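Working notes, structure below.
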Amino acid sequence: MSTLRMPRRRGAILPTLIIVAVLIVAFAIYTGVWTDRLWYVSMGFGSVFSKLLATRIGLFAASGLLMAAAVYGAAALAFRTRPRGRPVGPTSPALERYREALESRFMVIMIAVAVLVGLFAGGAGLGRATLYLAWINSTPFGTKDPKYGLDISFFVFDYPWWRFVLSYAFTLFVLAALVSAIVHYVVGNVRFSGPRRGASGAAQAQLSVIIGLAVLVKGVGYWFDQYGLEIADAPRFTGMGYTADHATSNAKIILAVIAGLCALLFFANAALRRWMVPTISLVLLLLAAIVLGIVYPAAVQGLSVRPDEPDKERPYIGWNIAATRAAYGVDKVAIQNYSAETTATAGQLQSDAEALPGVRLIDPAVVAPAYEQLQQVRGYYAFPSVLDVDRYPIDGSTVDTVVAARELDPDNIANKSWNNLHTVYTHGYGLVAAYGNRRQSDGEPDWIPTGSGSGSAIVTDQPRIYFGELLDSLGYSVVGARPNGQSLELDNPSNDNQLYTYTGQGGVPLSSLWRRILYAVKFTDGNLLLSDRVNDQSRIIYDRSPKERVQKAAPWLTVDRDSYPAVVDGRLVWIVDGYTTSNSYPNSQRVSLQDATSDTQSAAGTIGQQLDTKINYMRNSVKAVVDAYDGTVKLYQWDTNDPVLKTWEKAFPGTVLPRSEISPDLLAHFRYPQDLFKVQRSILARYHVTDPNSWYLNSDLWKVPLDPVSGTSTDQLESPYYLSVKWPDDDAANFSLTGVFVPNARNNLAAYMAVNADASSPEYGQMRILRMSDSTQIDGPQQSFNAMINSNQVAETLRPFLNQGSNQTGVKYGNLLTLPVGGGLLYVQPVYTQREGTGGGQYPVLQFVMARFGQSVGIGQTLQAALDQVFAGDSGANTGEGGSTGSSNGGSTGNSGGGGSTGNATVDKELAAAQASYAAAEKALRDGDLAGYQQNIKEMADHITAAQKAEKK
């Protein structure tokens, strides 16, 4: 009796695992997309998410389906024309197996290949969403390029998109030809051996047409290449040059014509089936591409241009100069020759007295440790290592301030439990501000009262900071819930036990179990499901950096690396400058955004680094504001004439608010952005020259000097500084962003540059340069810094503060400021010494101010004292400090002078003695008594130390 066998079941484990893996991946993708949507909706930018998602899906589908259809269609057509019987003649066993597999599973195999190719093509299209949106919404510039007479918008918006389309089409036809050839070979339509070697008529026709289409697309690409010459990098500059105009552009047109003829020969071969002619034409095209595209331009460059380069390139250099200055917004810069005085005389600063009280002595790159030690309050708060400069109306006048937001520092949270990190320590608290040109009697910053109280000079109705520069390291926070009716969030830094519950609209509501599941998956944190502190009233906040929020809300913007806090209409906000940029403005010089914006402050790492992006067009088109409490992002028009901004406004309607909606209080805090200034500064180092001959010779090349304070071992450029500057012949001082140039390969001063940085001023953005006279050499920053610290007066004054073991150890130099006053250039530099803080932490205090005009150097405890030394005992200006000690009680009188009482008799006595010792030291120095000078300086330091100790009691 035979045994009945059951059919063997195939293993189900592998298919099950594959299905589970696909479901997990699909759910992960869904989680990422849906939580992104919730985030955008919570910010009020749901339309941005929808537009980008729809565009990406559309491009992915169109690119993927078109490529998959082309590949599958080409394979199917080749398979359909296969021989009906077995090919006659010997075939390899491997080829026979491939043929059998293809014939039995053709649809499965080719669908898999098409899907794979389609996914890659779809991914390429997916990443071109912004490119497509810019093309479809392009706005004319109203300016034509000098070569082809096309509007600039063609190069900025159209050309990049069409280059992508042509590259995609060429890849499509190449892949289709390759797949067709493989299928024809496998099924026997193409044979390389045997009595019937060769290709069938169907195979020849199909391959001829597809190859012809690929060559035709290549020909169109050659035609477009001529326009690309205006945005190509040449050896000397970006854009069209003599060789490109007279050789390369003509070669591209000839190659396009040859490619067109070659394509026609391939099309004809579909019927003629004579491969020699189209093959020879293809070889000729390749040879022509080498000869016309490489050899001929090189010959023209070497034989015609190089012997006569200045004359041949003159008109093209002119194109480059004009385009570059227009693209970077420096075409209207005013350059003024300046015969700077180098002799300091008494009363010389009288006409510039108004600007001197606005000299910012508190260096935002130095005083952060003082903010940490004196205003941190609790160890879990922190400040950035480089602070910010802003302006506030105080006591009836607008004053420069150094500001910082007191943010949460998760690294210093003692108990890093999940509850503490995500539900208790959720926010920072308050703005800390100090006068930029004042200090207290002990050298510490002169604090400005801030808060909601009646005594606050800067009134902040909502001081809590849920969104800031340092909070991203905290990750997400869950806020807004009151489990069992109790608040959870640690609040006011002056009271450890004060708790708070978030009431804002920021963050995503966790209003359902499904949302909590999604975010538990997103952050791979099951506590979001298990904790009772997460309920239907909770909101989850993340992506808390102001720059990141602006970048995601407006992905078409490049944001300034430095966002800064401000109190606007009673609310603490972050202000972020947004730039529209392009890499394809015709004939404009291309620069690295990272290199152009790198300097001493950016090297500190706290204000970030720009991506290493190449640009040749830049506008500060948007001012963005991020609310520190609820994370709301508002984008305001700034450069309303920018065609790039208009293009993106059409692409994302309603996301950018009109400039008219900027409140006066907000406008007062806008300033000229640093990154734009740095890029313009790097451009003007060469493009201040407008004569093509002089530009070619590099005879007047400038460079940005190295920062003298950072030391000779580094290559960090000097940072630009915000200052109140009175321009020669102007009636009043203006809040400005300033910088200097030195000649190439030299250290003396070449030019002084400033731009009006006060956004409320009608002259905002006005850029001016003082060019130093060639007849008089003015020392540059490095030379002046060396002259000051090496002078006997400065060296002897600072010597006691370099002694180890005292409570002030070491000297730290602040920003070296340059001001055009007294008919010359004045250098001012604060000098800080280190003081021991609570728990041994050191922080700098402003101890002295150095000044230099011409060859005269002065140092004092105040700017007034230093200037009076420089200008023969009387500078002719009153800096508002009222005396030489520079003491200040930190009150609201606005007097930073040392003539008033501090309210502490011991302090007053010691400060008076210190002033007397300093006067005696100056007299000893004038008399040549260096020993007496050193002794009096030491006594002065002892008196200051005693005053500091008495003040702390």
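Details
Matching residues to (1) closer than 30 Å to residue 401 by Cβ; (2) in contact with a strand residue (DSSP E or B) (Cβ under 7 Å, 6 or more places away or on another chain):
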| position | (1), (2) |
| --- | --- |
| 279 | no, no |
| 297 | no, no |
| 311 | no, no |
| 319 | no, no |
| 353 | yes, no |
| 367 | yes, yes |
| 373 | yes, yes |
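- Residue 660 vs. criteria under 20 Å from residue 638 (Cβ atoms) and free of Cβ contacts under 8 Å to residues at least 12 places away in the same chain: yes
- Hits in the stretch 382-429 - residues which are assigned to a loop (DSSP other than H, G, I, E, B), of a type in the set (D, E, K, R) and under 28 Å from the mean Cα position of the chain (by Cα): 406, 409
- Qualifying residue in the stretch 235-256 (condition: of a type in the set (Lys, Arg) and at pLDDT 95 or above): yes
- Hey, residue 682 modelled with pLDDT of 95 or more, closer than 30 Å to residue 625 by Cβ, polar (S, T, N, Q) and in contact with a helix residue (DSSP H, G or I) (Cβ under 6 Å, 6 or more places away or on another chain) or not: yes
Let's see how each residue does on (1) surrounded by fewer than 16 Cβ atoms within 10 Å (Cβ to Cβ); (2) closer than 30 Å to residue 371 by Cα:
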{"position": "455", "(1), (2)": "yes, yes"}
{"position": "459", "(1), (2)": "yes, yes"}
{"position": "485", "(1), (2)": "yes, no"}
{"position": "503", "(1), (2)": "yes, yes"}
{"position": "510", "(1), (2)": "no, no"}
{"position": "519", "(1), (2)": "no, no"}
{"position": "533", "(1), (2)": "no, no"}
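- The numbered conditions (1) assigned to a helix (DSSP H, G or I); (2) in contact (Cβ under 8 Å) with a residue 24 or more places away in the chain; (3) surrounded by fewer than 21 Cβ atoms within 10 Å (Cβ to Cβ) are all true for residue 236 except (1).
- Taken over the stretch 729-747, the residue count meeting the criterion of being in contact with a strand residue (DSSP E or B) (Cβ under 6 Å, 6 or more places away or on another chain) and surrounded by fewer than 23 Cβ atoms within 10 Å (Cβ to Cβ) is 5.
- Restricting attention to the stretch 285-302 and to residues that are surrounded by fewer than 18 Cβ atoms within 10 Å (Cβ to Cβ) and farther than 12 Å from residue 252 by Cα, the residue that is nearest to the chain's Cα centre (by Cα) turns out to be 298.
- The single condition among (1) over 22 Å from residue 341 (Cα atoms); (2) touching a Pro at 6+ places or on another chain (Cβ under 7 Å) that residue 709 does not meet is (2).
- Taking the stretch 352-374 as the range and being more than 28 Å from residue 824 (Cα to Cα) and over 29 Å from the mean Cα position of the chain (by Cα) as the test, the residues that pass are 373, 374.
- In the set (1) in a strand (DSSP E or B); (2) polar (S, T, N, Q); (3) assigned by TED's automatic domain parsing to the domain that holds residue 410, the condition left unmet by residue 337 is number (3).
- In the stretch 663-688, of all residues being in contact (Cβ under 8 Å) with a residue 60 or more places away in the chain and of a type in the set (A, V, I, L, M), the one that is surrounded by the fewest Cβ atoms within 10 Å (Cβ to Cβ) corresponds to 667.
- Of the residues making up the stretch 472-486, those that are out of contact with any Pro (no Cβ under 8 Å at 6 or more places or on another chain) and either β-branched (Val, Ile, Thr) or outside any loop (DSSP other than H, G, I, E, B) (or both) are 472, 477, 478, 479, 483, 484, 485.
A quick yes/no check of all residues on (1) free of Cβ contacts under 8 Å to residues at least 24 places away in the same chain; (2) more than 18 Å from residue 489 (Cβ to Cβ):
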site: 415; (1), (2): yes, no
site: 426; (1), (2): no, no
site: 434; (1), (2): no, yes
site: 442; (1), (2): no, yes
site: 446; (1), (2): no, yes
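- Count of the stretch 823-875 residues which are in contact with a helix residue (DSSP H, G or I) (Cβ under 7 Å, 6 or more places away or on another chain), within 16 Å of residue 341 (Cα to Cα) and not aliphatic (A, V, I, L, M): 5
- Here 766, 777, 716 are screened, and the one residue that is in contact with a strand residue (DSSP E or B) (Cβ under 6 Å, 6 or more places away or on another chain), at pLDDT below 90 and of a type outside the set (A, V, I, L, M) is 777.
- Flag for residue 119 being crowded, with 20+ Cβ neighbours inside 10 Å, more than 30 Å from the chain's Cα centre (by Cα) and either over 26 Å from residue 648 (Cβ atoms) or not aliphatic (A, V, I, L, M) (or both): no
- Test: residue in the stretch 322-338 that is within 22 Å of residue 222 (Cβ to Cβ) and buried (at least 18 other Cβ atoms within 10 Å of the Cβ): no
- Of residues in the stretch 133-153 being surrounded by 16 or more Cβ atoms within 10 Å (Cβ to Cβ) and assigned to a helix (DSSP H, G or I), the one nearest to the chain's Cα centre (by Cα): 134
The values are calculated or read from the model by the stated rules, or taken from the named source; none is laboratory data. For clarity, every value in this text was computed on a predicted model and none was experimentally measured. FYI the Cβ positions are ideal-geometry reconstructions off the backbone, even for glycines, and counts take in every protein chain you see.
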